[in-house]
1. Sort out for me the strands (runs of 3 or more DSSP E) sitting completely within the stretch 287-397 that have 3 or more residues that are modelled with pLDDT of 95 or more and closer than 21 Å to residue 434 by Cβ.
2. Which ones in the stretch 203-215 are surrounded by fewer than 21 Cβ atoms within 10 Å (Cβ to Cβ) and either part of a helix (DSSP H, G or I) or assigned by TED's automatic domain parsing to the domain that holds residue 622 (or both)?
3. Can you find a residue that is over 26 Å from residue 304 (Cβ atoms), over 41 Å from the mean Cα position of the chain (by Cα) and either free of Cβ contacts under 8 Å to residues at least 12 places away in the same chain or in the same structural domain as residue 293 (by TED's automatic domain parsing) (or both) anywhere in the stretch 335-345?
4. Residue under question is residue 259, and the condition is that it be of a type outside the set (Gly, Ala, Ser) and either in a helix (DSSP H, G or I) or in contact with a strand residue (DSSP E or B) (Cβ under 6 Å, 6 or more places away or on another chain) (or both); does it hold?
5. Quick check on this structure: which one of 544, 524 is over 24 Å from residue 88 (Cα atoms), out of contact with any helix residue (DSSP H, G or I) (no Cβ under 8 Å at 6 or more places or on another chain) and at pLDDT 95 or above?
6. When you go through 258, 251, 223 one by one, which is the residue that is crowded, with 20+ Cβ neighbours inside 10 Å and either small (Gly, Ala, Ser) or closer than 17 Å to residue 190 by Cβ (or both)?
7. In the stretch 178-197, which residues are within 29 Å of the chain's Cα centre (by Cα) and outside any loop (DSSP other than H, G, I, E, B)?
8. Tell me, yes or no, whether the stretch 578-597 has at least one residue that is in contact (Cβ under 8 Å) with a residue 40 or more places away in the chain and out of contact with any strand residue (DSSP E or B) (no Cβ under 9 Å at 6 or more places or on another chain).
Amino acid sequence: MSADIHYILDFDSTLVRVETLELAAELAACDADSRERIRNITSQAMEGRMKFRRALTERLRLLHFHRDLLPQLAARLQLEITPSFARNHSFLASNAGRIHVVTSSFRTVVTPVVERLGLSAGHVHANSLTFDDAGYINGVDLSNPLSTDDGKSKVVAALGLPGEIAVVGDGWSDYEIFRSGVAQRFYAFTENVRRKPVIDVAQKIAPSFDEILHDCGERGALSYPKNRLKVLLLENIHAEAVAAFEREGCSVETVAGSLDETQLTQRLADTAILGIRSKTQLTERVLRSTKRLLAVGAFCIGTNQIDLEACGKMGVAVFNAPFSNTRSVVELALAEIILLMRGIPEKLRLMDAGVWDKSAKSASEVRGKRLGIIGYGNIGMQLSVLAESLGMEVSYYDIAEKLALGRARKCTSLEELLDNSDAVSVHVDGRRENAGMLGAREFARMKPGAVFLNLSRGHVADLDALYQQLESGRLRGAAVDVFPREPRANGEAFEHPLQRLPNVLLTPHIGGSTIEAQQDIGRFVSGRLVDFINTGSTENSVNFPELRLAPQVDAHRLIHVHENLPGILASINQALADHGANILGQYLKTRGNIGYVITDINRDYSDSLLEDIRHIPHTLRFRVLY
């Protein structure tokens, strides 16, 4: 069916991102008032609120444009080619015989853009400019139907094209072609502008040319239109991530808080990419209800809120941000250590009660004190370096062998660290084995007068046991940023016995909540997800084999996720051989129970090849990129 479709493409705000006359006014250095009037008239005409010929005449009257500027205008327009048309250059060039550009713009500047896209100059239908004796534009050739009202419909009708005609444009004059009965399809093109009157009457709305090709059964630059990839971002994920997905043309939905299991199950039905932070629990039950989920982004450090095993079984890749908020957490930890050792929490409460207490009793510098760090990962290491720069002595405990930085000393046991530290700061991950790591026995072992900090995971410390040590005065103070149970959204009530103690700093899980950290996390995780969608790259994935891949060039990329069993690669290659597909490159990597094969093949293959690969036993996920 697709081979019988002829495409009628608009130029301004469709093939290019701008309106020609508005750009011409800028190049001609028209005054601000004239440029604004040109913009307003363009909007009225494109929305069907002003007759075309009147709009064209009034705009040209306002435009003091010399013919010597035309090469510059043409050059600028070539820089404004709409991205989805630019990436479909190959399709346009290969199918130039059934594509016509019908525009009220001007042949002199339209033709170079059209030829740059591989289209035929002979299929450009545009107005021709006229000039006065001084070389300034004074009108257009009035014998050209495109200078008249409903001129596009007349031109397309005169072409007498066989088969089905699809019109692609953003303006009312493009809709008129369809309304006249000359064309069978009209796509309101919204990649550059959204004109509500046109959208309201459109047969279909097209956020990109990829969407049109997909709808028409054509094979374009993308195997699947990005606008059909729904991205669901929960828990106030930074706008940097939203912008990254929107630049890719994805459909993005944001939710301020987290969702419970039932709500998440409902929302994931048509979601391709899910972004969460620490409060959303992604369980196997939720995952099994999804049909289109390709990847999950944890816009935080930890992934204990995600059932990684279930994700792997379903071929869903998971990415996180293991480094992006390190500095923010470390700065908060250092600040709290200083505040606790100076007794600032008690001073603040006394001031709030109107009590002046200027005594230095129990107020100490951190210099010369020993900081014990439990968990010597990215955060623990950076805390070690900065604490040492303040004059603290540092010791650490980690079950893994880690190289000590600076003068830090490794403890052979948790007990050794607790026995000798003036401040203990916890920075372990969220694995189940760390639950209850610090209970009554451990808090009782800490030095009298020491301070305790937990900015890692809520299940690590027994807060009831901590409360007893703080209330008795044996421990000097504590700072807690994470709790076993936390509210799902901002503004919800929070209650905990520790709130009653004057020597405690409680913060609402904000260790990584700085503008810089959230921006970096938004940028980093969205970047990994976009790379995965665009190229199949799994660099920094938490649960997939890591492959870093360049974009494919002149090839189609087959992405196959499978159970890590013998013979899968052989089955894939047998299917390729049976269909005569030429392999241009192939990559295989395994991790645990997951096998990941990327195969780049030439562009000539049958759809039955894809079905054969998709139905290879033990396939978890299969998709095609081109």
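1. Details: elements: 295-298, 317-319, 370-374, 393-397.
Result: 370-374, 393-397.
2. 214, 215 - these are the residues of the stretch 203-215 that are surrounded by fewer than 21 Cβ atoms within 10 Å (Cβ to Cβ) and either part of a helix (DSSP H, G or I) or assigned by TED's automatic domain parsing to the domain that holds residue 622 (or both).
3. yes
4. On the way: of a type outside the set (Gly, Ala, Ser): yes; either in a helix (DSSP H, G or I) or in contact with a strand residue (DSSP E or B) (Cβ under 6 Å, 6 or more places away or on another chain) (or both): no.
So residue 259 does not fit the description; no.
5. On the way: 544 fails: out of contact with any helix residue (DSSP H, G or I) (no Cβ under 8 Å at 6 or more places or on another chain).
Going through 544, 524 in turn, the sole match is 524.
6. Numbers: 251 fails: crowded, with 20+ Cβ neighbours inside 10 Å; 223 fails: crowded, with 20+ Cβ neighbours inside 10 Å.
The match here is 258.
7. Listed by number, the residues that qualify are 187, 188, 189, 196.
8. At the first step, the residues of the stretch 578-597 found to be in contact (Cβ under 8 Å) with a residue 40 or more places away in the chain are 587, 589-596.
After this cut, where a residue has to be out of contact with any strand residue (DSSP E or B) (no Cβ under 9 Å at 6 or more places or on another chain) as well, the list is 592.
Yes: the stretch 578-597 contains one or more residues that are in contact (Cβ under 8 Å) with a residue 40 or more places away in the chain and out of contact with any strand residue (DSSP E or B) (no Cβ under 9 Å at 6 or more places or on another chain).
The values are calculated or read from the model by the stated rules, or taken from the named source; none is laboratory data. Bear in mind the structure is a predicted one, so any value in this text is a computation, not a measurement. Note: ideal-geometry Cβ built from the backbone for every residue, glycine included; neighbour counts use all protein chains shown.
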